[in-house]
Amino acid sequence: MHEATTILTDRGVKFDVKKAFDKYQNVFIPLYYHELWNEFVIAHTEASHLQKNVKVECVRNSSNSRIFFGEILTDYADNYNPQDRLFSPYDVILMKINNDHYFGVVVYARRTHVNQENNKCRTIQVHTHIGIYLSEQCSVQYHKRRTLDPDVEISRLTSLTSSKRCLTAINNLPFYHQECLLAPSLIDPYFQQPERSYHNVTAKYFNERQLKAIQMAVDIHDDLIERIHLIHGPPGTGKSKTIAGIVDNLFDKLHGNKKILLCAPSNNACDELLKKILEHCGDKLNQKHIVRVGCRPPESKELWDYFLDYRVISELVVKLKTEPAFNRSTIEKKIQYKLLKSTKIIISTLNYSASSRLRLLYDDPTGVSFLIVDEASQASEAIATVVLSEASKSYNLSQSLYFRLNKIFERQPNPPVIMLNTQYRMNPEIVSYPNKEFYGGELDNAKSVFSQSSDQFKPLFYYNIETAAHSHDYASSAYNQVEAEVVAKFCHRLIWLWGSMNLDDEDTTLLIEQRIGVITPYKGQMHVLEQEFQKWDMSHVEIGSVDSFQGKEKDFILISCVRS
């Protein structure tokens with residue numbers, strides 16, 4: 001296993017000048033395979049930490065491959081999250097036989113039954129019947145040692161499901177109606193201003209730019225021609241509030257089966273979006289109106305009731321009391337389709353929006369009538385959120401479709417772009433540099449931010465640790481042990497100082513910790529920071545990556561850069 005650094009020099013097309021489908025596909029598909037390979041490389045370094053035993057029951061032979069069938073056990077906690085990752089079709093695995101390793105792909109996975117493992121801790125054990133597609137060579141080696149030990153060790157590397165969706169989307173580009181996205185032009189009706197709707201939105205709680213964005217969304221929805229518009233929302237300018245305002249104003253227009261599809265690049269961003277929608281539109285929306293779909297449930301318990309799988313299970317339990325158990329699969333699909341058909345707002349990651357679950361809704365011409373992509377600038381155009389390979393980086397594959405469109409339109413008159421320009425989150429001293437460097441000084445500060453200063457704490461503080469050198473962990477991710485120790489000590493001191501101030505009685509240590517966030521760009525540093533914070537018993541301080549904090553708000557943010 002090695003880093004795939006070969007530059008595709010025969011691909012002479014930079015993707016910001018795409019003019020045809022074939023050029024687009026010829027650039028993206030080879031680079032996508034580079035990304036996939038690098039994902040294998042990184043996952044391979046962590047595989048030894050994720051081993052599971054498979055009790056092999058039989059092996060079916062074909063001309064040049066074999067399918068192993070067996071059973072695997074997975075522990076589940078009562079918080080609706082698996083303690084171990086469940087295996088699913090299209091998972092790429094690494095099987096260890098003697099001292100050799102072999103690649104395989106899960107082609108079949110079915111949960112058979114559940115055991116109550118620990119009543120006190122309320123943990124359960126899920127039995128999964130699994131089929132793994134492997135090479136003939138792997139089968140030969142397995143049969144040589146089968147009499148000694150029929151079980152084998154496997155490690156899950158990654159899933160091909162997301163890659164399959166992306167590659168399918170790229171291959172299907174010639175069949176989409178929005179081909180103008182490849183070579184945008186303001187003369188195309190898709191990018192022109194919509195006809196003004198008769199519906200006027202309320203100005204309550206919104207500033208002028210937010211109101212303009214909401215009115216534009218309503219106009220686009222009511223227009224007979226498909227349109228696209230970009231909303232540029234720098235941090236703290238009320239982008240989520242504006243999206244909630246759009247949802248609020250469009251909700252009453254969703255007659256029949258019409259729906260709004262809300263997408264974001266990551267699961268964390270989707271969960272934050274759901275929180276904001278419920279916060280601003282909670283009086284109008286209930287569980288039957290909004291559903292969160294995805295491959296894993298939200299981390300926050302408050303959002304579980306909106307998660308599709310949770311709602312399917314809840315209804316399934318009731319149904320199975322009156323229906324035969326052998327009809328479970330059919331009943332489950334009917335419940336799922338009914339819930340999706342009746343809901344008005346669906347929240348999904350961009351990748352999962354191409355899943356087979358949601359595809360049925362797109363076949364209905366009266367189905368999804370409006371699409372909003374939150375954090376669109378964080379979503380690379382045709383691949384995963386984080387670009388891994390050197391080949392992809394050299395071809396600027398991390399660029400988002402949002403950025404490409406905005407770059408094309410920024411110098412043209414009357415572009416389909418609205419910038420939210422009043423920020424409500426940061427102290428003026430904090431926003432000063434990004435305002436000047438990234439937003440051309442266009443950001444205004446709301447009056448409320450001037451009252452956010454404190455006599456006890458500076459708005460912005462830099463601390464340099466000169467003697468601390470960074471290292472790399474088993475996954476080649478950078479970390480800095482000394483810096484992690486300093487951050488943990490600093491945070492502990494901060495909590496003590498904050499707690500000793502004249503705060504309300506409800507500001508307990510727990511609540512103080514929840515108002516602090518620690519951000520680092522490296523996964524290795526995240527692990528080291530988590531260990532250090534555990535030593536100080538600060539388990540409620542959120543530690544995450546730049547992407548995972550997208551859209552979140554904290555009173556204090558500590559940034560661990562790892563290396564200067």
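Give the number of residues within the stretch 353-372 that are buried (at least 18 other Cβ atoms within 10 Å of the Cβ) and out of contact with any helix residue (DSSP H, G or I) (no Cβ under 8 Å at 6 or more places or on another chain). Residues meeting the conditions: 1.
Within this structure, THR508 fails the test of being at pLDDT 90 or above and either loosely packed, with under 13 Cβ neighbours inside 10 Å or closer than 27 Å to PRO235 by Cβ (or both). Restricting attention to the stretch 185-200, the residues being part of a loop (DSSP other than H, G, I, E, B) and in contact (Cβ under 8 Å) with a residue 40 or more places away in the chain number 4.
Every residue, every condition in (1) within 22 Å of ASN414 (Cβ to Cβ); (2) at pLDDT below 85, yes or no:
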{"residue": "LEU181", "(1), (2)": "yes, yes"}
{"residue": "LEU186", "(1), (2)": "yes, yes"}
{"residue": "GLU195", "(1), (2)": "yes, no"}
{"residue": "HIS199", "(1), (2)": "no, yes"}
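Inside the stretch 408-467, residues that are assigned to a strand (DSSP E or B) and more than 29 Å from the chain's Cα centre (by Cα) make up a count of 2.
Could you list, in sequence order, all residues of the stretch 386-424 that are of a type in the set (A, V, I, L, M) and at pLDDT below 90? Residues satisfying the conditions are VAL386, VAL387, LEU388, ALA391, LEU397, LEU401, LEU405, ILE408.
A quick yes/no check of all residues on (1) more than 20 Å from GLY104 (Cα to Cα); (2) over 27 Å from the mean Cα position of the chain (by Cα); (3) in a strand (DSSP E or B); (4) modelled with pLDDT of 80 or more:
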{"residue": "CYS121", "(1), (2), (3), (4)": "yes, yes, no, no"}
{"residue": "GLY131", "(1), (2), (3), (4)": "no, yes, yes, yes"}
{"residue": "LEU134", "(1), (2), (3), (4)": "no, yes, yes, yes"}
{"residue": "GLN137", "(1), (2), (3), (4)": "no, yes, no, yes"}
{"residue": "VAL140", "(1), (2), (3), (4)": "no, yes, no, yes"}
{"residue": "SER155", "(1), (2), (3), (4)": "no, no, yes, yes"}
{"residue": "SER163", "(1), (2), (3), (4)": "no, no, no, yes"}
{"residue": "ALA169", "(1), (2), (3), (4)": "yes, no, no, yes"}
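Going by the structure shown, is LEU316 within 28 Å of ILE170 (Cβ to Cβ) and either in contact with a Lys or Arg (Cβ under 6 Å, 6 or more places away or on another chain) or outside any loop (DSSP other than H, G, I, E, B) (or both)? The answer is no for LEU316. Looking at TYR439, TYR462, TYR433, just one residue is closer than 21 Å to ILE543 by Cβ and surrounded by fewer than 17 Cβ atoms within 10 Å (Cβ to Cβ), and that residue is TYR462.
Can you name the residue in the stretch 199-233 that is out of contact with any Pro (no Cβ under 9 Å at 6 or more places or on another chain) and charged (D, E, K, R) and, of all such residues, is surrounded by the fewest Cβ atoms within 10 Å (Cβ to Cβ)? My answer is LYS204.
Being buried (at least 23 other Cβ atoms within 10 Å of the Cβ) and touching a residue at least 60 places away in the same chain (Cβ under 8 Å) is the filter; apply it to the stretch 244-259 and report the residue that is farthest from the chain's Cα centre (by Cα). Spell out how you get there, then give the answer.
Our first condition is that a residue be buried (at least 23 other Cβ atoms within 10 Å of the Cβ); within the stretch 244-259, this holds for 245-247, 250, 259.
Imposing the further condition that a residue be touching a residue at least 60 places away in the same chain (Cβ under 8 Å) reduces the set to 246-247, 250, 259.
Working: ILE246: 22, VAL247: 21, LEU250: 25, LYS259: 21 Å.
Applying the filter and picking the extreme gives LEU250.
Each row is one residue, and each column tells you yes or no for (1) touching a Cys at 6+ places or on another chain (Cβ under 8 Å); (2) at pLDDT below 85; (3) closer than 20 Å to LYS259 by Cβ.
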site: THR330; (1), (2), (3): no, yes, no
site: TYR337; (1), (2), (3): no, no, yes
site: SER377; (1), (2), (3): no, no, no
site: ILE383; (1), (2), (3): yes, yes, no
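Within the stretch 171-181, the set of residues being of a type in the set (A, V, I, L, M, F, W, C) and surrounded by fewer than 17 Cβ atoms within 10 Å (Cβ to Cβ) comprises PHE175, CYS180.
Set side by side, the residues VAL541, VAL546, VAL487, VAL518 differ, and just one is more than 27 Å from LYS239 (Cβ to Cβ), touching a strand residue (DSSP E or B) at 6+ places or on another chain (Cβ under 8 Å) and not assigned by TED's automatic domain parsing to the domain that holds SER300, which is VAL487. Residue count for the stretch 315-327 satisfying the condition of being out of contact with any helix residue (DSSP H, G or I) (no Cβ under 7 Å at 6 or more places or on another chain) and surrounded by 13 or more Cβ atoms within 10 Å (Cβ to Cβ): 0.
Of all residues in the stretch 292-328, exactly one satisfies the criterion of being among the β-branched types (Val, Ile, Thr) and modelled with pLDDT of 90 or more, namely VAL293.
The values are calculated or read from the model by the stated rules, or taken from the named source; none is laboratory data. Just so it is clear, the structure is predicted and the values come from calculations on it, not from any experiment. Ideal geometry is used to build each Cβ from the backbone, glycine not excepted, and the neighbour counts take in all protein chains shown.
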